[in-house]
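Just below is one structure, and these are the notes that go with it.
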Amino acid sequence: MATPLVTADATAASPLVGAPAPGQLTTRPGRWIDGWNPEDEGQWSSVGKPIARRNLGLSVFAEFLGFGVWALWSIVVPQLASAGFALTVDQSFWLIAVPILVGATLRIPYTFAVPVFGGRNWTIISALLLLVPTISLAIVVQNPDTSFGVLLGIAALAGLGGGNFASSMANISFFYPEKEKGRALGFNAAGGNIGTAAVQIAVPLVIVGAAGVQLERAGLMFVPFVLIAALLAWRFMDNLSNAKSDPRSYGAATRVKHTWIISFVYIGTFGSFIGFAGAFPTLLKNQFPEITLSVAFLGALVGSFARPLGGALADKLGGARVTIGAFTVMGIGTVCAIFALRAHSFGGFLASFLVLFVATGAGNGSVYRMIPAVFRHGATDDEDKARRAKAAAGCLGIAGAIGAFGGFLIPRGFAVSTTATGNIQAALWVIVGLYVVMSLTVWAVYQRRGSAFGSTVI
């Protein structure tokens, strides 16, 4: 039976006996909410905003854990030798790359899970699924005789955490009105991204025991937090009955060339962030083995905080301009990292990569800011605007998944470069070249005066 939750207009009479009045929310068992409409100013200001904020906070916590699990092998791999495992450089980079590949692939189905199961329900399910990769890791790392194939399979399970980003973003998008959606989604994304830095801070501290490296703790430390996240979601989050996604939006987006242009560009920004974040601990271990200070987390940390900054700058200057600037800084940072490697300068290498991470984070925010502006440009009437908005929503999901695939290419590129030349410099030069191509693409399509967008700030 539906239970009235709140009425935006207390004097409004229901046209049918027992039916909710306009603007009124009702609840059903299972924490389902009917009548949710954040665009209704009365409903939003009375109780909508507190409900949305509560769900946002808990969603960030669950997504934070998802990103942590997704990045778990990035910090476990450099410690495997201390636990008795003998791996080649190529095998090490495979263990880093595979979780990224699986997580990117899962982003599309995870997006559709929210309308099917409900945002609260899927948050519970997706959180509990994190127990599979974490407990599995805790088991296999205790046996140095475990085959590489088994290690690779367990590492792939960590990709479950990567899918959490898509479902969390989809869920929160239903809770907020359009005027506040960008800020809420930016906070949600940044809060999740910080999970990468958090796991890279925590694991080196947790795994050290009296008997030496106890790597199983890296997986076990997640168990209580995952259970808490699932419990909090069960107790305090909500399902929205009108949270429906339209699969046709993806079909509409695939027919628009800008979906693929933006997805290509997002490979350069988000792909660089997640790929470099995953490989950075191993790079530091391999290139500067004499450095024992745990600083690998700094890259993911500054990149995460820079994401909302990039979105804010894009609001003022235009997403295309900020994206071009981000690629420029990324290219400069990468070149500086190459020369720091040649000089075997740890300080120079670290500083170069931190600049690079800041630029990737800012670029992530600016590219996502570009999407609605690009699809909105040239709309002729309300019907056309609605059609374009649907395609833009599909583009967000497609670009998010394709961009994450870029994170798989970076560690694999480092592996190929190391095998062929003995170092990663060749891979870094290729990455610089790609940044130049991506920057020119953004300029030619969205910033150049003679383009279809003309002087419009995108």
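The values are calculated or read from the model by the stated rules, or taken from the named source; none is laboratory data. Here the structure is a predicted model, which means the values were calculated and not measured. Note: ideal-geometry Cβ built from the backbone for every residue, glycine included; neighbour counts use all protein chains shown. Accessible surface is based on the protein model in full, side chains and every heavy atom, while ligands, DNA and RNA are left aside. Shrake-Rupley method; radii C 1.70, N 1.55, O 1.52, S 1.80 Å.
Only one of the listed residues (Phe353, Phe375, Phe339) is assigned to a helix (DSSP H, G or I), out of contact with any Lys or Arg (no Cβ under 6 Å at 6 or more places or on another chain), in contact (Cβ under 8 Å) with a residue 60 or more places away in the chain and among the hydrophobic types (A, V, I, L, M, F, W, C). That residue is Phe353. There is at least one residue in region 409-417 that is buried (at least 19 other Cβ atoms within 10 Å of the Cβ), closer than 30 Å to Thr88 by Cα and basic (Lys, Arg).
In summary, Gly363 fulfils each of the numbered conditions (1) under 29 Å from Val208 (Cα atoms); (2) open to solvent by less than 50 Å² (accessible area, probe 1.4 Å) with the single exception of condition (1).
Can you confirm whether Ser245 is closer than 26 Å to Thr360 by Cβ, of a type in the set (Ser, Thr, Tyr) and in contact (Cβ under 8 Å) with a residue 12 or more places away in the chain? No; evaluated as a whole, the condition is false for this residue. Scanning region 173-191 for residues that are in a loop (DSSP other than H, G, I, E, B) and surrounded by 21 or more Cβ atoms within 10 Å (Cβ to Cβ) yields one hit, Tyr176. Of all residues in region 232-252, those satisfying the criterion of being surrounded by 12 or more Cβ atoms within 10 Å (Cβ to Cβ) and outside any helix (DSSP H, G or I) are Met237, Asp238, Asn239, Leu240, Ser241, Ala243, Ser245, Asp246.
The residue that is surrounded by the fewest Cβ atoms within 10 Å (Cβ to Cβ), among those in region 300-333 that are in contact (Cβ under 8 Å) with a residue 60 or more places away in the chain and under 13 Å from Phe280 (Cβ atoms), is Leu301.
This table checks each residue for (1) assigned to a helix (DSSP H, G or I); (2) aliphatic (A, V, I, L, M); (3) out of contact with any Asp or Glu (no Cβ under 8 Å at 6 or more places or on another chain); (4) closer than 14 Å to Arg235 by Cα.
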| residue | (1), (2), (3), (4) |
| --- | --- |
| Trp36 | no, no, yes, no |
| Gly42 | yes, no, no, no |
| Gly48 | yes, no, no, no |
| Leu58 | yes, yes, yes, yes |
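Just to be sure, is Pro204 modelled with pLDDT of 90 or more, surrounded by fewer than 24 Cβ atoms within 10 Å (Cβ to Cβ) and in contact with a helix residue (DSSP H, G or I) (Cβ under 8 Å, 6 or more places away or on another chain)? So Pro204 fits the description; yes. Only a single item in (1) open to solvent by 30 Å² or more (accessible area, probe 1.4 Å); (2) at pLDDT 90 or above is not met by Gly378, and it is number (2). Do we find a residue being aliphatic (A, V, I, L, M), at pLDDT 90 or above and either farther than 20 Å from Gly191 by Cβ or surrounded by fewer than 17 Cβ atoms within 10 Å (Cβ to Cβ) (or both) anywhere in region 64-78? Yes, region 64-78 has at least one match.
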